[in-house]
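Some notes on the structure that comes next.
The values are calculated or read from the model by the stated rules, or taken from the named source; none is laboratory data. Just so we're clear, the structure is a prediction, and the values are computed from it rather than from any experiment. So basically every Cβ, Gly included, is an ideal-geometry build from the backbone, and we count neighbours across all protein chains shown.
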Amino acid sequence: MKKIQSIITTAGILILSVFMLLPFGYMLISSLQITYSQYRISFDVSKFTLHNYYAIFQLPSFNAWIRNSLFISIVGVIWTLLICTLAAYAFAKKRFPGDDRIYFMFYATLCIPFPATVVPLWLMVGKLGLMDTFWPLILPIPSMLGVVLIRQAIIAIPKEMFESARIDGCTDKKIMRKIVIPMIRPILITVGILFFTRSWNSLLWPLIVSNTDATKTLPVGLAAIQGGTDINYGMIMAASMLNFLPPFLIYLFMHKYFLAGITGSGLKN
């Protein structure tokens, strides 16, 4: 009976995996052929071509879009890890008046959908004169999600290690550098991957604050391409493949640390 259940479970997982991979397969096959209809693709290998990939790199602003996306995502991840790690350490190990209430208030912000904050953010950016710059694309990237994940990892560190460090005269800065950061490295990598992917794929906010190619990101550029007429959907899919690759490659090489951070098994005993 258990063997039959195992076979059924395995078959179900394989079927679900195939359905999940179908959009990716469609994108890949479409990117290798010139087609002006999103419903007509050919499975004839002899018709496959890399022309779309060549054509997309010939677009005047495509390289700038990629550079902007890389810059914003990488700097955004560094900024996120800095802010979230310091906040998480404060909420986990420091005691100050109203600390639990303040943490709960910040935690409650996770319930607020981002589109609800777009108008206030846009007004603030306009008042500060930061429209069409990199600042509004980088500064709002950190969120309470990163603080929550890192805080839980810090809390899981044995208290005795902090007490021993205090007895030895270690400051908070030294404790962070010598104990906390090395022990929570998996969750830091996990948060970095999550926020890199989030920043890289962000469309709504960059679409609002980026008015020129100097600050447009790759998703915004793809949206502009799709807004034209007589569209070669093969080229759109080629650009989408290029947009998909950086987060995928990062996860591919970092998945061990990502899984360790999610499961909490990355903490040393």
message: Anything in segment 8-59 that is loosely packed, with under 10 Cβ neighbours inside 10 Å and at pLDDT below 85? List them, or say none.
response: 37, 39, 43, 44, 45, 46
- prompt: Which numbered condition trips up residue 250, out of (1) among the aliphatic types (A, V, I, L, M); (2) in contact with a Gly (Cβ under 9 Å, 6 or more places away or on another chain); (3) surrounded by fewer than 21 Cβ atoms within 10 Å (Cβ to Cβ); (4) under 17 Å from residue 54 (Cβ atoms)?
  reply: (4)
query: Across segment 31-47, what is the total count of residues that are charged (D, E, K, R) and over 15 Å from residue 231 (Cα atoms)?
result: 2
query: If you scan segment 74-98, which residues turn out to be farther than 14 Å from residue 140 by Cβ, of a type in the set (A, V, I, L, M, F, W, C) and either part of a helix (DSSP H, G or I) or touching a residue at least 40 places away in the same chain (Cβ under 8 Å) (or both)?
result: 74, 78, 81, 82, 86, 87, 88, 90, 91, 92
- prompt: Say we look at segment 31-58 and pick out the residues that are within 26 Å of the chain's Cα centre (by Cα) and in contact (Cβ under 8 Å) with a residue 24 or more places away in the chain; which of these is nearest to residue 142 (Cα to Cα)?
  reply: 56
statement: When (1) at pLDDT 90 or above; (2) within 21 Å of residue 62 (Cβ to Cβ); (3) in a helix (DSSP H, G or I); (4) under 19 Å from the mean Cα position of the chain (by Cα) are applied to residue 238, the one that fails is (4)
- request: Please work out which residue is nearest to residue 77 (Cα to Cα), limiting yourself to segment 203-246 and to residues that are of a type outside the set (A, V, I, L, M) and free of Cβ contacts under 8 Å to residues at least 24 places away in the same chain.
  value: 226
task: Kindly indicate whether residue 113 is surrounded by 15 or more Cβ atoms within 10 Å (Cβ to Cβ) and under 26 Å from residue 71 (Cα atoms).
output: no
